[in-house]
1. How many residues does the stretch A:57-81 hold that are more than 9 Å from every other protein chain (Cβ to nearest Cβ) and open to solvent by 30 Å² or more (accessible area, probe 1.4 Å)?
2. In the stretch B:241-261, what residues are in a helix (DSSP H, G or I) and in contact with a helix residue (DSSP H, G or I) (Cβ under 6 Å, 6 or more places away or on another chain)?
3. Can you report the number of residues in the stretch B:165-183 which are buried (at least 24 other Cβ atoms within 10 Å of the Cβ) and over 17 Å from residue A:89 (Cα atoms)?
4. Taking the condition of being more than 9 Å from the ligand (Cβ to nearest atom) and either within 14 Å of residue A:112 (Cβ to Cβ) or not in a helix (DSSP H, G or I) (or both), how many residues in the stretch A:54-78 meet it?
5. Filtering the stretch B:131-151 down to residues that are touching a strand residue (DSSP E or B) at 6+ places or on another chain (Cβ under 8 Å) and open to solvent by less than 20 Å² (accessible area, probe 1.4 Å), which residue is farthest from the other protein chains (Cβ to nearest Cβ)?
6. Any residue in the stretch B:61-89 that's of a type in the set (Gly, Ala, Ser): show its pairings with residues that are open to solvent by 50 Å² or more (accessible area, probe 1.4 Å) at Cβ separation under 6 Å, as long as the two are six or more apart or on different chains.
7. For the stretch B:143-153, what are the residues that are over 15 Å from residue B:98 (Cβ atoms) and touching a residue at least 24 places away in the same chain (Cβ under 8 Å)?
8. Among residues belonging to the stretch B:152-171 that are within 16 Å of the ligand (Cβ to nearest atom) and farther than 23 Å from residue B:14 by Cα, point out the one that is farthest from the other protein chains (Cβ to nearest Cβ).
Amino acid sequence: MKWFEFGPIAWARDFLNTHPKAEKFLDVIGLPAEAVVKKTIFGCQSCGQCLLHENGMTCPMRCPKNSRNGPCGGVRANGHCEVYPERWCVWYRAYYRSQTMPLLPGEWRKDMFRVHPAVNWELINTSSLLNELTGRAHGVSPQKPDEKKLAAEKKPAAGDAAKK
Amino acid sequence: METIEPRSNLHKLFQAGVFVVTSEVGPPKSGDAAVIHKKAKLLKDASDAANITDNQTAIVRMSSIAAASMTVQDGFEPVIQVTCRDRNRIAIQSDLLGAYALGVRNVLCLTGDHMRWGNHPQARKVYDLDSINLISIVRGMDAGKFQNGEEIKPAPKFFVGGVENPFAPPYEFRPFRLKKKAEAGAQFIQTQMIFNVDRFKEFMKQVVDLGLHEKMYILAGVGPLKSPGMARYMRDSVAGMEVSPEWVTRMEKTPKEKWKDEGINVCVEIIQRMREIPGIAGVHIMSIEWEEAVPTIVERAGLLPRPKADQLSAPQPAPAGAVAG
Ligand code: SF4
């Protein structure tokens with residue numbers, strides 16, 4: 001996530017992380033816009049932690065088993081899904097698409113082979129672009145402006161109380 | 001291979017380099033304990049451990065953990081299957097703690113068959129995790145952490161496995177998916193039933209090239225055929241299965257009275273071929289509702305008697321306070 005360290009982006013990130021209302025506002029605008037585009041083109045399921053670019057622009061959440069780490073053992077010989085024989089297995093397509101996508105940074109092709117963490121269902125129906133910017137998709141939680149200070153002040157007091 | 005203190009008797013056998021045989025116990029579609037005890041008795045001397053299936057093919061059966069605790073009483077080591085179909089991460093972790101308390105030490109992590117082809121297609125799916133996430137969660141619990149990072153004391157030490165199907169496309173990706181499982185922390189792997197030895201050899205070659213056989217113990221899945229009809233059905237209608245024409249014609253040529261006998265011979269022959277493949281640590285015999293065949297298969301394959309884990313000298317003496325077995 002190197003690009004997050006650039007000046008204005010890092011500033012925006014910090015700002016959003018400390019201003020929940022601004023984040024909420026952007027989410028309200030951003031989500032429908034993102035959903036409309038991604039839903040019509042890629043069948044997006046609004047998981048809030050987008051993997052499209054890592055899977056050859058195929059949404060893994062459309063897999064009936066919600067697999068984020070590759071095809072299950074039931075893919076049919078013709079590449080169709082075991083559950084819905086009339087549909088393609090999304091992972092069958094994702095694999096071949098990701099390996100043949102032109103003009104991509106090499107990194108994205110390799111992502112097919114990386115272990116993806118479990119879905120964070122807290123982020124469902126939020127804007128994944130925004131989550132990417134704020135780092136929510138990677139486990140960064142929002143902070144109130146003075147939370148650190150408050151925590152530092154509170155801790156010793158709580159510890160003392162517990163000892164007594 | 002990691003040299004860690006063995007998590008279970010099955011793990012001990014693997015570490016001692018024994019060619020392991022595992023089998024499968026399907027819990028009944030009722031609350032009848034006698035069925036489990038009967039199957040456990042049948043398989044106990046013919047195999048080292050048995051998978052206890054978790055509502056396989058999405059058909060309601062007795063809970064795998066309950067059935068496993070019964071085989072523990074019988075002195076037969078269970079491998080519980082845990083699927084992601086019916087439980088979210090809270091329920092799975094809680095069930096695993098319970099299973100550990102009941103003496104279960106082996107866990108097999110699966111994504112699980114979809115309910116659309118089961119007997120309750122109206123049920124809501126869960127699929128909170130996938131099999132690879134589940135493997136990392138069980139390994140995390142082994143290291144003393146719940147999925148959210150909270151501490152478990154004492155940590156449940158499981159021997160964790162996964163499955164792989166080399167016979168489903170995209171074939172090139174399958175070894176890499178196995179690699180993902182190794183990265184997530186799987187310690188043993190059971191494969192889909194093998195009736196196409198050539199494709200499996202190809203797959204194993206790639207697996208060995210990736211060095212995965214050194215990270216995990218790989219068990220080849222085999223099973224007996226009951227009839228030519230079953231062979232044809234598996235070839236044509238079961239998603240993710242391949243049956244070479246070799247076996248189908250062989251079954252078709254056999255007269256009806258000898259079908260079962262020939263089916264067992266086919267299975268034994270496949271086991272013999274598996275033993276020649278580098279990187280295979282054992283076989284997993286899936287006898288779908290035909291447990292009586294397993295002792296015969298193991299005997300004809302020359303794998304009897306099964307060694308007992310407590311009579312083996314473990315390569316690494318377990319440190320004090322070990323919870324293995
Ligand atoms: S066949 Fe593909 S799309 Fe269907 S459940 Fe399996 S992984 Fe998902």
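1. Of the residues in the stretch A:57-81, the ones more than 9 Å from every other protein chain (Cβ to nearest Cβ) are A:57-62.
Next cut, open to solvent by 30 Å² or more (accessible area, probe 1.4 Å) only: A:57, A:62.
Counting residues in the stretch A:57-81 that are more than 9 Å from every other protein chain (Cβ to nearest Cβ) and open to solvent by 30 Å² or more (accessible area, probe 1.4 Å) gives 2.
2. The first filter runs over the stretch B:241-261 and keeps only residues in a helix (DSSP H, G or I), leaving B:245-253, B:256-261.
Of everything in the stretch B:241-261, those that are in a helix (DSSP H, G or I) and in contact with a helix residue (DSSP H, G or I) (Cβ under 6 Å, 6 or more places away or on another chain) turn out to be B:247, B:248, B:251, B:252.
3. The number of residues fulfilling the criteria is 2.
4. Going residue by residue through the stretch A:54-78, those that are more than 9 Å from the ligand (Cβ to nearest atom) are A:54-59, A:61, A:68-69, A:77-78.
Pick out the ones that are also either within 14 Å of residue A:112 (Cβ to Cβ) or not in a helix (DSSP H, G or I) (or both) and you get A:54-59, A:68-69, A:77-78.
Residues flagged as more than 9 Å from the ligand (Cβ to nearest atom) and either within 14 Å of residue A:112 (Cβ to Cβ) or not in a helix (DSSP H, G or I) (or both) within the stretch A:54-78 amount to 10.
5. Of the residues in the stretch B:131-151, the ones touching a strand residue (DSSP E or B) at 6+ places or on another chain (Cβ under 8 Å) are B:131-132, B:134-135, B:138-139, B:142, B:144-145, B:151.
Now drop any that are not open to solvent by less than 20 Å² (accessible area, probe 1.4 Å), which leaves B:131-132, B:134-135, B:138, B:142, B:144.
Numbers: B:131: 8, B:132: 4, B:134: 9, B:135: 9, B:138: 12, B:142: 17, B:144: 19 Å.
Going through the qualifying residues, I end up with B:144.
6. B:69/B:102
7. Just the residues of the stretch B:143-153 that are over 15 Å from residue B:98 (Cβ atoms), to begin with: B:143-145, B:147-151, B:153.
Passing the criteria: only B:147.
8. Taking the stretch B:152-171 as the starting set, the residues that turn out to be within 16 Å of the ligand (Cβ to nearest atom) are B:162-171.
Applying the additional criterion that residues be farther than 23 Å from residue B:14 by Cα yields B:167-171.
Numbers: B:167: 8, B:168: 4, B:169: 5, B:170: 5, B:171: 10 Å.
So, considering only residues that are within 16 Å of the ligand (Cβ to nearest atom) and farther than 23 Å from residue B:14 by Cα, the one farthest from the other protein chains (Cβ to nearest Cβ) is B:171.
The values are calculated or read from the model by the stated rules, or taken from the named source; none is laboratory data. Predicted, not measured: the structure shown is a model, and the values here were computed from it. When we count neighbours, we look across all protein chains shown, and the Cβ atoms used for this are built from the backbone with ideal geometry, even at glycine. Surface accessibility is based on the protein's heavy atoms, side chains included, excluding ligands, DNA and RNA. Shrake-Rupley method; radii C 1.70, N 1.55, O 1.52, S 1.80 Å.
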